[in-house]
Amino acid sequence: MLRRHPWVFSGAIARTEGDGADGVAEVVDARGRPLARGAYSPDSQIVARLWTFDGRAPGGELFRERFAAARSLRREILPPETTGYRAVNSEGDLCPGVLLDVYGETAVLELLTGGTERWRGELESAAREVFAPGELIVRETGTERDQGTKRPSPQPSPAGRGGSYAKEVPFLENGLRFLADVSSGQKTGFFLDQRDNRARLRALARGRRVLNLFSYSGAFSVAALAGGATRAVDVDSSASALALAREHRRANVLSGDDSDFVQADVFEDLRRRVGEGQRWDGVVCDPPAFAKKKSDVDRAARGYKDVNRLAMSLVSPGGWLLTCSCSGLVDAALFQKIVFAASAEAGASFALTARQGAGADHPVSLDCPEGEYLKGLWMRRAR
Ligand code: SAH
């Protein structure tokens, strides 16, 4: 606490008082002196996420101030022709438990903890005031996370009046047209955190054939084709994600026929391609988080090693591989070790040229390094 780490674990608490009905936790030391205030989530392992260390009370005024600071950072760092971005990034913007993603005229507010769910009214008002979206959609995923259930996300609800809202919301990323599926999509409808990696792929894609594994709505392929790739193939297990991927090609007037959208399990698809001796001069591997809790880490490490070994076998000499992990529990050092082990098993020699994670609209607080979850390794095959 004295180091301002914003998380209070249940095991660190000696005694609690009151019912916390307003969602506010006040943390005091052994002598009763106030230390910090934050959002109270009694059912979570992280019982409080701290917002202030100076006695200020969480509420409308603080929320507006924090959101305005987040907005001013975005104004400095967003690339041109980009109307889709993360506007508020939880701990990284001193708003633990709150995400706000903006897609053009639509904003999606996600409340990640039981505590912030109880502040919904004031958080919504602050978001409207500071970001003035045409439409604000709210997703509450906190209670679900706290209880550790695997239920699908609750249906998001448009905030306030008027029940209906567009399912697919258009926005721009570096001048490319995308749609965020805000009603049932993954995350808040798009993987905004990969913007910088897409831009890097676009810059080196000319003349290359690109295989996009775990493609979701095919955004890496759109970037590659916009950069002059001759072909890009999306592989994902989700039919609705691939339907969006087709729409993305059309919206950007880029090529794509039926064989460019493959609905399959990536592991099986890779084994087939390796068996056929296929070669690609660009491969992107961006799987979902394989480790969601500590006990998953060993199994996740094996998954990352398998998928990388197979993906590496497909890369032609002189070809590029971007491999990613968004499991916070697999840190950068461990991920790099796993990938290096995979290259040894694949008998392939790669040079690591860059490490790149989420963009600057996903700031990480130095007080809460856990906020840095996305790792991307750029590697070029030597032989
Ligand atoms: N690279 C994407 C985001 C990937 S999210 C982007 O930049 O937009 C992970 C994706 O993997 C999801 O779309 C999910 O449907 C898919 N997925 C998860 N497990 C899979 C599997 N075993 N085989 C194929 N796709 C899988």
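The relative contact order of the chain, computed from alpha carbon pairs under 8 Å that lie at least 6 residues apart in sequence, is 13 percent. Can you give the FRET efficiency for Ala354 and Arg4, using 1/(1 + (r/R0)^6), R0 = 30 Å, r = Cβ-Cβ distance, to the nearest 0.05? According to the calculation, E is roughly 0.45.
Could you please report the charge total around Pro34, scoring K, R as +1 and D, E as -1 over all other residues with beta-carbon less than 12 angstrom from its beta-carbon? Provide the component values of the computation, followed by the final result.
On the way: positive: Arg31, Arg33, Arg37, Arg56; negative: Glu26, Asp29, Asp54.
That works out to +1.
Could you pull out the GluC sites (Glu not before Pro) across the stretch 235-332 that fall in loop regions by DSSP (anything but H, G, I, E, B) with no more than 13 other Cβ atoms inside 10 Å? Write down the numbers at each step before the final one.
Values: sites: Glu247, Glu268, Glu276; in loops: Glu276.
Counting only loop positions with at most 13 other Cβ atoms within 10 Å, the GluC sites (Glu not before Pro) in the stretch 235-332 are Glu276.
Is the stretch 241-383 best put as rounded, prolate or oblate by its Cα gyration tensor, with a ≥ b ≥ c the root eigenvalues, rounded for a/c under 1.5, and otherwise prolate when a/b is larger than b/c, oblate when not? Oblate, because a/c is 1.5 or more while a/b does not exceed b/c. Using C-alpha pairs under 8 Å with a sequence gap of at least 6, the mean separation divided by the residue count of the stretch 12-53 gives a relative contact order of 29 percent. Backbone phi angles across the stretch 372-383, fed through the Karplus curve with coefficients 6.51, -1.76 and 1.60 (θ = phi - 60°), yield HN-Hα couplings of 8, 10, 8, 10, x, 10, 9, 9, 10, 7, 7, 8 Hz in residue order; Gly and Pro are listed as x. Charged neighbours of Ala223, selected by a Cβ distance under 11 Å, balance to +2 (K, R count +1; D, E count -1). Sites listed here are trypsin sites (Lys or Arg not before Pro) in the stretch 1-91 whose DSSP assignment is loop and whose Cβ has at most 15 other Cβ atoms within 10 Å: Arg3, Arg4, Arg15, Arg31, Arg56. Which whole-percent values make up P(r) of the stretch 324-378 when all C-alpha to C-alpha distances are grouped in 10 Å steps starting at zero? In order of increasing distance, the bins hold 23, 48, 22, 7, 0 percent. For Ala180, nonlocal amide neighbours, meaning residues 5 or more places apart or on other chains whose placed amide H falls under 5 Å from its own, are Val169, Phe171.
Taking other Cβ atoms within 10 Å as a rough exposure proxy, Ser316, Ser221 sort from fewest to most as Ser316, Ser221. For the stretch 35-153, the square roots a ≥ b ≥ c of the C-alpha gyration tensor eigenvalues yield an a/c of 1.5 or more together with a/b not exceeding b/c, which makes the shape oblate.
Rounded to the nearest 500, what is the chain's calculated 222 nm mean residue ellipticity when only DSSP H runs of at least 4 contribute -39500 (n - 2.57) each, over all residues? Show your work: numbers first, answer last.
Details: 10 runs with 114 residues, N = 383.
About -9000 deg cm²/dmol.
Residues considered: Gly282, Gly114, Gly228. Largest GNM mean-square fluctuation over the chain, using C-alpha springs under 10 Å, is found at Gly228.
Once a ≥ b ≥ c are taken as the square roots of the eigenvalues of the Cα gyration tensor of the chain, is the result rounded (a/c under 1.5), prolate (a/b larger than b/c) or oblate (a/b not larger than b/c)?
Numbers: a/c = 2.17, a/b = 1.56, b/c = 1.39.
Because a/c hits 1.5 or more and a/b exceeds b/c, the chain counts as prolate.
Please name whichever of Gly376, Pro317, Phe335 sits farthest to the positive end of the charge dipole of the stretch 287-383, dipole taken about the Cα centre and charges placed at Cβ: Lys and Arg +1, Asp and Glu -1. In the stretch 287-383, that residue is Pro317. As a proxy for reagent exposure, ranking Asp361, Asp22, Asp29 by other Cβ atoms within 10 Å from fewest up yields Asp29, Asp22, Asp361. Sequence-ordered 3J(HN,Hα) estimates for the stretch 231-236 from the Karplus curve with 6.51, -1.76 and 1.60 and θ = phi - 60° stand at 7, 9, 10, 9, 10, 7 Hz, glycine and proline given as x.
Fewest Cβ neighbours within 10 Å first, please rank Asp234, Asp193, Asp93 accordingly. Don't skip to the answer; put the middle values down first.
Working: Asp234 29, Asp193 20, Asp93 25.
The fewest-first ordering by Cβ neighbours comes to Asp193, Asp93, Asp234.
Legend: distances between Cα atoms for Lys293/Lys337; Lys167/Lys375; Lys167/Lys292; Lys167/Lys305; pairs beyond 25 Å are Lys167/Lys375; Lys167/Lys292; Lys167/Lys305.
Phi-derived couplings, Karplus 6.51 cos²θ - 1.76 cosθ + 1.60 at θ = phi - 60°, listed residue by residue for the stretch 22-30: 7, x, 9, 9, 10, 9, 10, 7, 4 Hz, with x used for Gly and Pro.
Coordinate-derived values only; no laboratory data. On a predicted model such as this, the values are computed, not experimentally measured, just so you know. Quick reminder, even Gly has a Cβ in these numbers, built from the backbone with ideal geometry, and neighbours come from all protein chains shown.
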